[in-house]
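The values are calculated or read from the model by the stated rules, or taken from the named source; none is laboratory data. Given the structure is predicted, the values throughout are model-derived calculations rather than measurements. Note that we place each Cβ from the backbone using ideal geometry, even for glycine, and neighbour counts take in every protein chain shown. Areas reflect the complete protein model, heavy atoms only, side chains present, ligands, DNA and RNA absent. Shrake-Rupley method; radii C 1.70, N 1.55, O 1.52, S 1.80 Å.
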Amino acid sequence: MLLLLEHIFLGIVQGLTEFLPISSTGHLVLFRKMFGMQEVGLLFDTMLHFGTLIAVVIVFWPQVRFIIMNPMSKLTKLLVVGTIPTAVIGLAFEDYFEEISQTGITIGWEFLATGAILWAVESMRRGNRRFEEINYTDALIIGTLQGAAILPAISRSGLTIAGALIRGIDRADAARFSFLISLPAILGACVLQTAKLVETPLETALLIPMLVGTMFAGLAGYVAIRWMLTIISTGSMKGFAIYVWVLGGFILLMQLLGW
């Protein structure tokens, strides 16, 4: 039962923090250290990503269906252009970022940086460029920022939404593009991780906890996307900035005390 609850907890954390601008990897690293959890393992990590991928597909099914039916459309090309720098950064620095994710030594500063980015963009003048006006330069910049979010406690959604807002894109459309551009990134991560699993033995006792955890990741991801779309359209991300500042400060204090 404890194992099942741990997998459910990690699934919920992954689903919520993947799409809220507070960093999923940073939270998973933090909770593993706080509660003495082991590494979730590549298989479960892949399944968690798959759960969040399904959440994006469900929420944005009309756009996903359009992309599938129109592979040469402008939207498809924008996502491809945006994914290129993400893939280059991810593949080039994969080993380095895996190492610092395992140690967690930098996550305090990264949470502080995420908060500073969120607060700064919320203090800017709002743009009014619509979704249809997003161009390839926008996609390239947002995709590069998505690649930079490979740092464990730098929020992917926070950084990509911030990039879109800096480019003067309407808030609701900035969030929509941020979530859509996550599709190829998450799918690519799933494919790469699956390729590494070929010779990994499956512990049958973990199968049900993993499946349940994946389901909760998808459900939590769906809720987080819907919530974030509402917040970005009618509210402010400054509350998230304060949250990650407090969290980052707490982590740095604990590290100073030898945690």
Legend entry - Apportionment of accessible area to carbon and sulfur, the chain, percent (1.4 Å): 70 percent
Legend entry - Accessible-area value, L2, 1.4 Å probe, nucleic acids and ligands omitted, Å²: 140 Å²
Legend entry - Förster-model FRET efficiency, 22 Å R0, L187 and F131, C-beta, rounded to 0.05: 0.55
Inset, instruction - Report the local net charge at I67: Lys and Arg +1, Asp and Glu -1, summed over other residues whose C-beta lies under 11 Å from its C-beta. - result: +3
Inset, instruction - Show me 207-213, 150-156 ranked by packing, highest mean number of other Cβ atoms within 10 Å first. - result: 150-156, 207-213
Inset, instruction - Using only Cα atoms, locate the centre of region 29-92 and the centre of region 202-254, then give the distance between them in Å, rounded to an integer. - result: 14 Å
Inset, instruction - Report the residues of region 172-186 in range of a label on W61: point 7 Å along Cα→C-beta, backbone N strictly under 20 Å from it. - result: 176-177, 179-184
Inset, instruction - Mind giving me the nanometre distance, one decimal, between the label points for I105 and W227, set 7 Å out from Cα along Cα→Cβ? - result: 3.3 nm
Legend entry - Over region 137-218, relative contact order from alpha-carbon pairs under 8 Å, at least 6 apart, %: 19 percent
Legend entry - H49 - accessible surface, heavy atoms, 1.4 Å probe, Å² rounded to 10: 40 Å²
Inset, instruction - Rounded to the nearest 0.05, what FRET efficiency do L207 and L2 give with R0 = 22 Å and r taken as the Cβ-Cβ distance? Could you check? - result: 0.85
Inset, instruction - Express in nm, to one decimal, how much length is gained between I84 and T194 on full extension, taking 0.36 nm for each residue of separation and deducting their alpha carbon distance. - result: 37.6 nm
Inset, instruction - Which order do the peptides 64-72, 168-176 take when ranked by the mean count of other beta-carbon atoms within 10 Å per residue, highest first? - result: 168-176, 64-72
Inset, instruction - Express in % the proportion of alpha carbon pairs of the chain at distances exceeding 26 Å. - result: 38 percent
Inset, instruction - Give the accessible area for W119 in Å² (nearest 10); use a 1.4 Å probe, count only protein heavy atoms, and leave out ligands, DNA and RNA. - result: 90 Å²
